[in-house]
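Notes follow the structure.
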Amino acid sequence: MLDTKVTKLELKDPSLLETRAYINGAWVEGEATFPVHNPATGDLIANVTDIDIEGTRQTIDVAYAAKKEWAAQTGKERGAILRKWFDLMVENADDLATILTAEMGKPWAEARGEILYGASFIEWFAEEAKRIYGDVIPGHQRDKRIVVLKQPVGVVGSITPWNFPNAMIARKVGPALAVGCTFVARPATLTPLSALAMAVLGERAGIPAGVLNVIPGTDSSGVGNELCTNDKVAKITFTGSTRVGQILMRQAAGTIKKMSLELGGNAPFIVFDDADVDAAVDGAMIAKFRNNGQTCVCANRIYVQAGVYDEFAAKLAEKTKDLNVGNGFGDGITTGPLINDAAVAKVEEHISDAVSKGATVTMGGKRSDLGGTFFEPTVLTGVTRDMVVAKDETFGPVAPLFKFEEEDDVVAMANDSEFGLASYFYSRDLARVWRVAEALESGMVGVNTGLISTEVAPFGGVKQSGLGREGSKYGTEDFLEMKYLCMGEIQ
Ligand SMILES: O=CCCCC(=O)O
């Protein structure tokens, strides 16, 4: 039962809980609002301004008008503002985490970790702002010199998901603003408050009017379509499902926009006989149960070689017992609720399909006694290729264990997916480490680790997991155009 009375959040700085849209440096109250609820309790946290297609169009105009002046600033000037923004995020990490947990459900400590992770992208790109280098190419004729300039693409439209309401925006807006683009952010309808709180701090950091705009709302497909078809938007950056990514790509084709797409995954996690099994169990716990399994890089298929299968399965089940499911504000909680009923239904379908085809539930397997969308962390053994979990991303706390015999077979099974975002494997054989790392068809490979996300590395996928990379020294490239000057001699 969803509440209709707003529940007050305990914040050191209550002004961070902003419910208005942020457009052209002003806080805009819309005529319509929409409710944001805490998925752990159903409590109403806020009624947020609902920006429609017309409001989106006006915001794009504003961002378009602001782009010339912002691009004219030096990298050092833009970087200084971003650095201030980073400092403010870190200073306010507790409150930002409280807002994040309230709207998304992840445990408060994990939410705080996300805030620092998000902030790290702002810091990284504050530094990169000074390093947008061009090139000088030796001329192809005696009287010619060739110079390559890197210029900001212009207005960036950003569409981000509910599972990382801070970090997914941070790693898009950081590079965009660093190189001189202006930004229109459309946060997920379920989690707009983290994005608005970031904008509050962005304003305090001195981001000029029109450069950063945040337009929450409910008409996701209408606003997405406007961002993708509006001539004034030069680039779309999106994190979300492959299905929606395909729609956006089709819509953006009409105006040939640059696209960065960080889409679905179905990550294999492989444990070879020669692995350190305890380390592999620890890695699997992170890769599988981080954010309650609701992460695009979460391990979705766990392949364990026959010689260590039983040991690994027993140890993983034992560790899973330590997870503590509950309201993310509770002490010692490691695992929050799933985001909504549809997420629970998908998890239940995947488990019942696997069990109907012969899998065994060795841990969890059902809704938690806490009710709502809480679900018991689950381990399944005896999982086979014909089960839905082998093909579909579960996006929930289910660890399905497949048994394999040969390296070639497991690499073939791991690659037997239209997705190619992340993969993980554990082995102590150096030759195998290189062989398997090179053979896996994914943009990122965790070798003897279950956690690969950092601002210093290029995050992104191959195949239908997306286009482009976020973070790292490569992270600015998708926000830049290259222009070459062919310089003739002046006679
Ligand atoms: O769902 C995708 C979120 C990616 C989180 C990360 O950076 O690890």
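In region 450-461, the residues that are in contact (Cβ under 8 Å) with a residue 24 or more places away in the chain and closer than 11 Å to Y474 by Cα form Cβ pairs under 7 Å with partners that are near the ligand (Cβ under 10 Å from one of its atoms) and of a type in the set (S, T, Y), at six or more places apart or across chains, as follows: F459/S453.
Looking across region 167-200, the residues that are outside any strand (DSSP E or B), out of contact with any Phe, Trp or Tyr (no Cβ under 6 Å at 6 or more places or on another chain), aliphatic (A, V, I, L, M) and surrounded by 24 or more Cβ atoms within 10 Å (Cβ to Cβ) come down to M168, I169, L177, L193, A195, L196, A197, M198. If you filter region 251-299 down to residues that are of a type in the set (S, T, N, Q) and out of contact with any Cys (no Cβ under 6 Å at 6 or more places or on another chain), you find that the one that is farthest from the ligand (Cβ to nearest atom) is T255. None of I159, I169, I132, I146 is more than 14 Å from Y117 (Cβ to Cβ) and within 16 Å of the ligand (Cβ to nearest atom) except I159.
Would you mind stating whether A46 is within 21 Å of W162 (Cβ to Cβ), in a strand (DSSP E or B) and of a type in the set (G, A, S)? Criteria met by A46. So is G180 under 17 Å from I60 (Cα atoms) and away from the ligand (no atom under 16 Å from the Cβ) or not? Criteria met by G180. Within region 454-468, restricting attention to residues that are more than 12 Å from the ligand (Cβ to nearest atom) and assigned to a loop (DSSP other than H, G, I, E, B), the residue that is nearest to A280 (Cα to Cα) is V456. Tell me which residues, restricted to region 26-42, are surrounded by fewer than 17 Cβ atoms within 10 Å (Cβ to Cβ) and assigned to a loop (DSSP other than H, G, I, E, B). If the condition is that a residue be surrounded by fewer than 17 Cβ atoms within 10 Å (Cβ to Cβ) and assigned to a loop (DSSP other than H, G, I, E, B), then E29, E31, A32, G42 are the ones that fit. Quick check, is G307 outside the structural domain of G364 (by the TED database), farther than 18 Å from G460 by Cβ and away from the ligand (no atom under 16 Å from the Cβ)? Answer is no for this residue.
Quick check, is A46 buried (at least 17 other Cβ atoms within 10 Å of the Cβ), under 25 Å from K130 (Cα atoms) and touching a residue at least 60 places away in the same chain (Cβ under 8 Å)? Judged against the criteria, A46 is not a match. Against the condition within 23 Å of P152 (Cα to Cα), touching a residue at least 40 places away in the same chain (Cβ under 8 Å) and crowded, with 24+ Cβ neighbours inside 10 Å, how does N266 come out, does it pass? For N266, the condition - within 23 Å of P152 (Cα to Cα), touching a residue at least 40 places away in the same chain (Cβ under 8 Å) and crowded, with 24+ Cβ neighbours inside 10 Å - is not met. For region 127-163, taking the residues that are over 25 Å from T74 (Cβ atoms) and of a type in the set (K, R), the one that is surrounded by the fewest Cβ atoms within 10 Å (Cβ to Cβ) is identified as R142. Only strands (runs of 3 or more DSSP E) whose full extent lies in region 353-418 are considered here, and none of them has at least 3 residues that are touching a residue at least 12 places away in the same chain (Cβ under 8 Å) and closer than 17 Å to G326 by Cβ. Criterion applied to G468, G396 was being buried (at least 19 other Cβ atoms within 10 Å of the Cβ) and under 30 Å from V344 (Cβ atoms), and the one residue passing it is G396. Going through L421, L451 one at a time, which residue ends up being crowded, with 23+ Cβ neighbours inside 10 Å, aliphatic (A, V, I, L, M) and within 16 Å of the ligand (Cβ to nearest atom)? Only one candidate passes the filter, namely L421. Residue count for region 226-245 satisfying the condition of being away from the ligand (no atom under 16 Å from the Cβ) and either in contact (Cβ under 8 Å) with a residue 60 or more places away in the chain or hydrophobic (A, V, I, L, M, F, W, C) (or both): 9. Residues of region 69-77 include at least one that is assigned by the TED database to the domain that holds G180, in a loop (DSSP other than H, G, I, E, B) and closer than 20 Å to P175 by Cα. Just one of (1) in a helix (DSSP H, G or I); (2) under 22 Å from G217 (Cβ atoms) fails for A119. It is (2). Residues that are of a type in the set (G, A, S) and in contact with a strand residue (DSSP E or B) (Cβ under 7 Å, 6 or more places away or on another chain) within region 299-353 comprise A299, A306, A313, A317, listed in sequence order. In region 251-263, the residue that is nearest to V308 (Cα to Cα) out of those that are hydrophobic (A, V, I, L, M, F, W, C) and surrounded by fewer than 21 Cβ atoms within 10 Å (Cβ to Cβ) is M259.
The values are calculated or read from the model by the stated rules, or taken from the named source; none is laboratory data. Since we're looking at a predicted model, the values are computed, not measured. All Cβ positions, even for glycine, are placed from backbone atoms using ideal geometry, and neighbour counts span all protein chains on display.
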